[in-house]
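The values are calculated or read from the model by the stated rules, or taken from the named source; none is laboratory data. Small disclaimer: the values here were computed from a predicted structure and weren't measured. All Cβ positions, glycine included, derive from the backbone under ideal geometry; neighbour counts span all protein chains shown. Surface areas here come from the heavy atoms of the whole protein model, side chains and all, with no ligands, DNA or RNA. Shrake-Rupley method; radii C 1.70, N 1.55, O 1.52, S 1.80 Å.
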Amino acid sequence: MTVSRAPESPTVRTFEATVAAVDGREVELEETYFYPEGGGQPADRGTIDGIELETVQKRDDTVVHALETEPTLERGEHVECVVDDTFRTYCMRAHTASHVVYGAARRLYDDLGYAGFDINAEKVRVDLTTDEPIDDEGLVELGRRSNRAVWDARPVSWERLPAAEARGLENIAFNEKTEEGAMATDDASTSEQVRVVTIGAATVGADEDGEAWDVAACGGTHVENTHQIGPIEVLDRSNPGEGVTRVEFAVGPTAIDHAASVQANAREASQLGGVPVAELPSFVARLQDERETYEAELERLEGEVVTTRLAEFSTVDRDGATWAIGSVDGLDSNVVGDAARDVVSEDGAGSDVVAAVITDQPPSLVVASTGDVDAGAVIDDVTDSFGGGGGGRSTLAQGGGFDCDADDLVSYLRDR
């Protein structure tokens with residue numbers, strides 16, 4: 001059995017090891033400081049005997065190193081191993097940041113649960129279960145509190161405890177499915193051990209009660225103090241499942257670039273609007289109110305124009321009813337329907353039926369009626385002759401998808 005020593009000694013970057021087994025491109029070492037993929041943390045990058053690692057996996061209680069090319073190594077041979085410093089450091093910062101974010105969420109939401117996390121090269125996600133959804137205000141506050149915990153320079157430590165003792169720790173985040181690397185068997189005992197990572201009280205400005213920021217069963221690699229994480233930039237949230245909120249954040253260059261992009265966009269919007277950045281929310285709110293006012297006025301005016309256009313349709317008399325028939329270009333059928341209902345009149349002052357052909361390709365048809373002529377029956381008649389579909393009530397009906405030109409449909413309605 002080979003256990004990675006990376007979680008206990010995360011700062012080791014070079015080491016010598018003895019080859020325990022070789023199978024094609026897969027190499028087992030008698031001891032290793034490479035971190036195997038697991039618990040949401042990706043496998044380390046690096047080299048063994050100068051050959052690049054493709055991946056590192058835990059298999060049957062043994063750490064297996066898959067190389068990009070097949071090595072010429074034999075069992076018992078000593079090899080030089082190098083852990084990629086940039087990627088390991090990023091993973092240490094990102095993993096510890098996930099604990100910081102969870103600690104911040106615990107202070108914002110009751111009955112908080114941990115449902116897993118994942119690190120990729122650009123961002124990190126933490127899945128949380130909460131009784132209430134995390135809104136925009138909560139997301140901002142989550143980022144603020146997380147970065148305050150970084151600024152407070154809280155110490156990070158780890159130790160292995162008996163499982164029963166670990167489970168009894170107050171507020172511990174304990175998820176065996178997502179943190180299998182935290183579970184281990186002590187060399188001197190067959191009792192189950194749990195690796196517990198603690199982000200303690202602040203070095204300066206501790207919480208009033210001096211409590212730890214976060215305590216979690218975790219098998220990952222971590223920095224020794226939160227100040228080593230650097231800025232945490234909360235990016236977005238989503239809901240991958242019922243009762244679960246996924247919070248995405250970034251550390252390192254991605255976080256810095258995102259923050260700079262947000263600032264640049266805010267300043268550009270400030271210049272375009274002619275207001276200070278701090279006044280952008282109220283400025284946008286005013287614009288939204290004005291837009292809604294203008295849209296309502298535009299809709300009213302458009303309705304008047306369409307009503308006037310339909311009232312100008314030429315008419316035909318059929319079976320004691322006056323039909324106004326014509327075409328309009330590229331209008332919404334609902335707008336045309338509202339205008340058509342304004343044109344028909346039960347008191348005989350207007351047309352009894354308005355049949356408006358909308359000149360799309362294929363054309364559509366809106367029929368409004370006082371009720372003496374069944375508008376739905378007119379649509380049925382047209383679909384029987386030209387295909388398509390539609391329906392409605394006796395006073396208003398719509399149809400579309402007809403296999404004809406708009407002019408042919410107007411002619412048919414006039415001559416039917």
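Note on residue 5 and residue 111: with the Förster distance fixed at 51 Å, the Cβ-Cβ geometry gives a FRET efficiency of about 0.90. Against the chain, whose longest principal axis is taken from its Cα atoms, helix 136-151 shows a tilt of about 20°. Heavy-atom accessible area for residue 380, with the other protein chains in place and a 1.4 Å probe, reaches approximately 80 Å².
Choose one answer from 232, 199, 379: the residue with the largest mean-square fluctuation in a GNM of the chain with alpha-carbon springs under 10 Å. Result for the chain, Cα springs under 10 Å: 379 fluctuates most. Taking the longest Cα principal axis of the chain as reference, the axis of helix 333-343 is set at about 30 degrees.
Here the range 6-83 is assigned +1 on the Cβ of each Lys and Arg and -1 on the Cβ of each Asp and Glu. Its dipole about the Cα centre then comes out at about 260 debye.
The amide H of residue 33, built 1.01 Å from its N in the peptide plane, has 5 as neighbours under 5 Å, considering only residues 5 or more places off or on other chains.
Rounded to the nearest whole Hz, the Karplus-based 3J(HN,Hα) values (6.51 cos²θ - 1.76 cosθ + 1.60, θ = phi - 60°) of the range 48-65 follow the sequence 10, 6, x, 9, 5, 6, 8, 6, 10, 10, 9, 9, 6, 6, 10, 8, 10, 9, with x at glycine and proline.
Computing P(r) over Cα pairs in 10 Å bins from 0, in percent for the structure here picks out one of (1) 4, 17, 17, 12, 10, 10, 11, 11, 6, 1, 0; (2) 5, 18, 20, 17, 13, 10, 10, 6, 2, 0; (3) 5, 24, 34, 24, 10, 3, 0, 0, namely (1). For the range 234-248 and the range 271-346, write down the distance between their C-alpha centroids in whole Å. Centre-to-centre distance over Cα atoms comes out at 39 Å.
Counting only Cβ charges, +1 for Lys and Arg and -1 for Asp and Glu, the dipole size of the chain around its Cα centre is about 1100 debye. For a modelled paramagnetic label at residue 302, 7 Å from Cα along Cα-to-Cβ, the residues of the range 368-407 in reach, with backbone nitrogen under 19 Å, are 398-399.
As a length-normalised measure over Cα pairs under 8 Å and 6 or more apart, the relative contact order of the chain settles at 10 percent.
A Cβ-based charge dipole, computed about the Cα centre of the range 89-269 with Lys and Arg at +1 and Asp and Glu at -1, lands at about 540 debye.
Here the Karplus curve 6.51 cos²θ - 1.76 cosθ + 1.60, taken at θ = phi - 60°, turns the phi angles of the range 13-22 into couplings of 10, 10, 7, 9, 9, 9, 5, 9, 6, 9 Hz, with x standing for Gly and Pro. Just the protein heavy atoms count here, and of the accessible area of the chain at 1.4 Å, carbon and sulfur take up 45 percent. Of the residues 369, 281, 197, the one whose Cα sits farthest toward the positive end of the charge dipole of the chain, with +1 on the Cβ of Lys and Arg and -1 on the Cβ of Asp and Glu, is 197. Seen against the Cα atoms of the chain and their longest principal axis, helix 280-311 is set at about 30 degrees. Across the range 255-264, rounded Karplus estimates of 3J(HN,Hα) from the backbone phi angles (6.51 cos²θ - 1.76 cosθ + 1.60, θ = phi - 60°) give 5, 5, 5, 5, 4, 5, 5, 4, 5, 4 Hz, Gly and Pro being marked x. The GNM of the chain, with springs linking C-alpha atoms under 10 angstrom apart, assigns the highest mean-square fluctuation among 36, 162, 281 to 281.
Restricting the count to DSSP beta bridges whose residues both fall in the range 304-415, what percent are antiparallel, rounded to a multiple of 5? If we restrict to bridges inside the range 304-415, about 75 percent are antiparallel.
The GluC sites (Glu not before Pro) of the range 293-334 that meet both conditions, a loop assignment by DSSP and at most 12 other Cβ atoms within 10 Å of the site Cβ, are 312. If you run the Gaussian network model on the chain, springs between alpha carbon atoms under 10 Å, then out of 101, 79, 354 the most flexible one is 354. Rounded to the nearest 10 square angstrom, residue 360 shows an accessible area of 70 square angstrom against a 1.4 Å probe.
Computed from the Cβ-Cβ distance with R0 of 60 Å, the FRET efficiency linking residue 408 to residue 259 stands at 0.50. Backbone amide hydrogens, once placed in the peptide plane, bring residue 192 within less than 5 Å of 163, excluding anything fewer than 5 places away on its chain. In the full protein context, the range 256-311 carries 77 Å² of accessible surface per residue, based on a 1.4 Å probe and ignoring ligands, DNA and RNA. In the chain, if the dipole is taken from +1 on Lys/Arg beta carbons and -1 on Asp/Glu beta carbons about the Cα centre, which of 326, 263, 382 is farthest to the positive end? Towards the positive end, the residue furthest out is 263. Structural descriptor for the range 89-269: relative contact order 29 percent, calculated from alpha carbon pairs under 8 angstrom and at least 6 residues apart.
For residue 326, the residues whose modelled amide H falls within less than 5 Å of its own, excluding neighbours fewer than 5 places apart on the same chain, are 355, 357.
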